[in-house]
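Shown next, in structure tokens, is the structure this report addresses.
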There are 2 protein chains.
Amino acid sequence: MPKKKLEDALSSLKALGHRLTAPRKAILEVMAAESRPLSVEDIHHYVEQQTPCDLATVYRNMDACLEADIVQKCMLENGKVLFELVGEHDHHHHIICRKCERTDRIDLCLTEEMKTVASSLGFTEVSHVLELYGICSACK
Amino acid sequence: MPKKKLEDALSSLKALGHRLTAPRKAILEVMAAESRPLSVEDIHHYVEQQTPCDLATVYRNMDACLEADIVQKCMLENGKVLFELVGEHDHHHHIICRKCERTDRIDLCLTEEMKTVASSLGFTEVSHVLELYGICSACK
DNA sequence: ATTATTGCAAACCCTTTGCAACTTA
DNA sequence: TAAGTTGCAAAGGGTTTGCAATAAT
């Protein structure tokens, strides 16, 4: 139910005192519809097809969404940055094609192992970033 | 034996037709001596204490070292980029303190699991990026 | 001698910021 | 009406590039 993800996102923002403007709604709609990691440029491009929206507005909304914990930021090997709308308890990772940037979701996760290792080193509040890279079947 | 890592690095570059210049040697010495992930800025700072060296030279050398596969690039959550000199078969990861950026090495790695998942999705030549974040004991 | 490498400065790109105008609640 | 939000344009910061001078092989 992608509709639910969108509604949840909107109410999370509202809960933090944010207002529902046209650009903001359009940004979230785009992210909910695509349900894959998108660059700021991508988001801006799609949003403009339905509402005028400044690039800076997209950046500012990504910040708000990160604070609200409704989007996840992924850093690619090449330095590019992507954002993905995620629901609660929806932690996951991706495998990204080095050639075409096709992105697949991966549910493999190793939170427990990592917490164990980390706490043995004295670290708390542990989180992690994991991205896989490869060549997808279409590009090989 | 950190000395060996340095020598190996130098000969890897030589093998690719690169020359051994003063700035290049200094850059590798610094990376070998620190044996932790360093930013371009860090490297530049240390190198300048022994040899004049332009920032652009550090960037260009990082590119050469990545191609030669003697340094590993790590992307931090906040977008910062670090480079670390690594030997062969020395794949590893880090846990980074969100407050002070203290970095510890972690040997936990899950290459096999990842290859399995990735190939079931049709991906080949799989690599991965993994960084843990937390609050270290000194900062907590 | 040949070719890689360097320094310098300018160009670039992505991202952030200040501010006045405008919306939302 | 008060406070968040936007657009615009300018500023920022890190990284890359062109080119002539320099140094390594």
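Each value in this text was obtained by applying a stated rule to the coordinates, not by laboratory testing. Owing to the predicted nature of the structure, the values given are computational and were not obtained by experimental measurement. FYI the Cβ positions are ideal-geometry reconstructions off the backbone, even for glycines, and counts take in every protein chain you see.
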query = Between copies, how far does the label point of B:Thr116 sit from its twins, in nm, shortest first, when each point is 7 Å from Cα along Cα→Cβ?
reply = 1.6
task = Can you pull the one-decimal nm distance between simple spin-label points at A:Lys140 and B:Arg105, each 7 Å off the Cα toward Cβ?
result = 3.3 nm
remark   = Partner shielding of A:34-40, as the mean number of partner chain Cβ atoms within 10 Å, equals 0
key: Efficiency of FRET between B:Ser127 and A:Arg60 - r from beta-carbon atoms, R0 41 angstrom, step 0.05   = 0.75
inquiry  = Defining a contact as two alpha carbons under 8 Å apart and six or more residues distant in sequence, what relative contact order in percent does chain A show?
reply    = 20 percent
note = Output field shielding_mean for A:69-76 (other chain Cβ, 10 Å radius) holds 2
inquiry  = Using a label point 7 Å beyond Cα on the Cα-Cβ vector, give me the inter-copy distances for B:His45 in nanometres, one decimal, shortest first.
reply    = 3.9
request  = Just check chain A against the gyration tensor rule for me: Cα atoms, a ≥ b ≥ c as the square roots of the eigenvalues, rounded for a/c under 1.5, and otherwise prolate or oblate depending on whether a/b exceeds b/c.
outcome  = oblate
remark   = Averaged over the residues of B:18-24, the number of partner chain Cβ atoms within 10 Å of each residue's own Cβ comes to 0
remark   = Which of A:Lys14/A:Lys80; A:Lys5/B:Lys73; A:Lys115/B:Lys80 exceed 31 Å between C-alpha atoms? The answer is A:Lys5/B:Lys73
ask   = With a 10 Å Cβ neighbour count serving as the proxy for reagent exposure, in which order, fewest first, do A:Ile27, B:Ile135 appear?
value = B:Ile135, A:Ile27
note = Treating only Lys and Arg (+1) and Asp and Glu (-1) as charged, each at its beta carbon, one finds that chain A has a dipole about its Cα centre, in Debye to the nearest 20, of 300 debye
ask   = Among B:Arg98, B:Arg105, what is the fewest-to-most ranking by other Cβ atoms within 10 Å?
value = B:Arg105, B:Arg98
key: Per-copy distances of the B:Lys73 label point, shortest first, in nm (7 angstrom along Cα→Cβ)   = 1.8
